[in-house]
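**Student:** Before anything else, here's the structure in question.
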Amino acid sequence: IFKKEKPEIAINFSAESITEDTYVPIQSTPKMGTRMITFAELWKEQSKNNKVQKNKKGEIIFLRGKQTKALSFLNDGQWMPIKAISRHRYKGKVVKLIQKWGIIKATPNHSIYASNLILSTPLENPELLVIRAINEHKKKYKEVDERLLEFFAAYITEGNTTFNKANGGYIIEINQNNREWLEHVASIAKQLFSLNYSIVKGTGAFHLQFSNKKLFNYLRKNCGYYSDGKFFPNWIFDLCPKQKEYFWKKLLEGDGTKDGRYTTTSYKLTNQLSLLLSLLGNTYRVYEYSRKNKNYKRSWEFKTELDGQHYGLNQKKKIILNYEGWVYDLEIEKTHNFACGLGNIVCHNTHVDRSILDSEPFIK
């Protein structure tokens, strides 16, 4: 087109975009499998094997092959190849939308889809369109020892690791007020890792303790160690549906709830769970709680048993934040949308359509 038409000027209405700390579901075949990673992590990963093209405004990577896929609203939830990842530096306002269906942070003019499939912007704060079921046709699933899933779930929900400088001990501890449940977890650890253990009564709870350097390092690497830094291994996404469901039930069991609620202070784990539940086809709501008291950490609560509850009007909250850093966009094959953020929120991959309808904000 450029050779034929010989234009004097080319104007690029490129997308204002998603913040670098936003999580995005990614599937890489055949080796890496399914993951929940931030846009910053995705860029770093892809820049190792693909050339980064730069101009004055930003950077872009055109991906070779079709092995790396993002989640798209095509067929209500399908993995589609990523054609390109673009980013540029941005200093200004971003909009954080907090709804019971999900949470997203984006620049004010980035296009997101409302639940009625109409394009909108974060400033308009529409009821968000989200993905709650994922088509995994012809997926090759993995299987693992379910005892390992049960132990991981117990540690992720109620565990921690501590290095004792006084005696050089590598302590793994899981806490619960249900001693019988802890005895069961201890028996699993003994079967899997041949570990001796002790259970002591503390203030308000029992404490199950092990001491083993190898398991200590393994858990820190694969599951984190502070409550707000917990996560689970990516291979759990690629387990058969029965084992993914089993893992989710054991997380609920460790949290001590019997009504389908799960609470965590880990932002990464929260995003992982939003993808896991969608892979299971579960309808869920997620709530963010942040208290003014600095002694309390921000937390997120999932609700999955919604039968009999009154849905009512969508609870919506909009917060304007200052932001300085990279903002990102994805170009997806055969479709113009991708899911990202907590709850798998559907975003348009450019706002060119809106610039045609009303160019004034983009010119400014």
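The values are calculated or read from the model by the stated rules, or taken from the named source; none is laboratory data. Every value quoted in this text rests on a predicted model; they were computed, and no experiment measured them. Calculation scope for accessible area: heavy atoms of the full protein, side chains included, ligands and nucleic acids excluded. Shrake-Rupley method; radii C 1.70, N 1.55, O 1.52, S 1.80 Å.
**Student:** Over 5 Å intervals from 0, what percent of Cα-Cα pairs in segment 1-122 sits in each interval?
**Tutor:** Percent of pairs per bin, in order: 2, 8, 15, 20, 20, 16, 11, 5, 2, 0, 0.
**Student:** How do 211, 266 stack up against each other in accessible area, from largest to smallest, with a 1.4 angstrom probe?
**Tutor:** 211, 266
**Student:** What whole-number volume per residue, in cubic angstrom, does the convex hull of the C-alpha atoms of segment 194-328 give?
**Tutor:** It comes to 211 Å³ per residue, whole-number rounded.
**Student:** Any chance you could list P(r) for the chain, counting all Cα-Cα pairs in 10 angstrom bins from zero, rounded to whole %?
**Tutor:** Answer for the chain: a P(r) of 5, 22, 30, 23, 13, 5, 2, 0, 0 percent.
**Student:** Report, to the nearest whole %, how much of the accessible area of segment 212-337 belongs to carbon and sulfur atoms, 1.4 Å probe, protein only.
**Tutor:** 47 percent
**Student:** To the nearest whole percent, what portion of all C-alpha pairs in segment 76-159 is separated by more than 18 angstrom?
**Tutor:** 66 percent
**Student:** Here's a follow-up. What is the distance in Å between the Cα centres of segment 123-176 and segment 237-297?
**Tutor:** Each part reduced to its Cα centre gives a spacing of 9 Å.
**Student:** Follow-up. With n ≥ 4 as the cut-off for DSSP H runs, can you work out [θ] at 222 nm for the chain, using -39500 (n - 2.57) per run divided by the number of residues, rounded to the nearest 500?
**Tutor:** Counting only the DSSP helices, I get -7500 deg cm²/dmol.
**Student:** Beyond 16 Å, what share of the Cα-Cα pairs of segment 115-231 remains, rounded to the nearest whole percent? Before the final figure, lay out the partial values.
**Tutor:** Values: 4667 of 6786 pairs.
Here the tail beyond 16 Å accounts for 69 percent of pairs.
**Student:** How large, in percent, is the carbon and sulfur part of the accessible surface of segment 152-200 at a probe radius of 1.4 Å?
**Tutor:** Details: 1080 of 2440 Å².
About 44 percent, which is the carbon plus sulfur part of the accessible surface.
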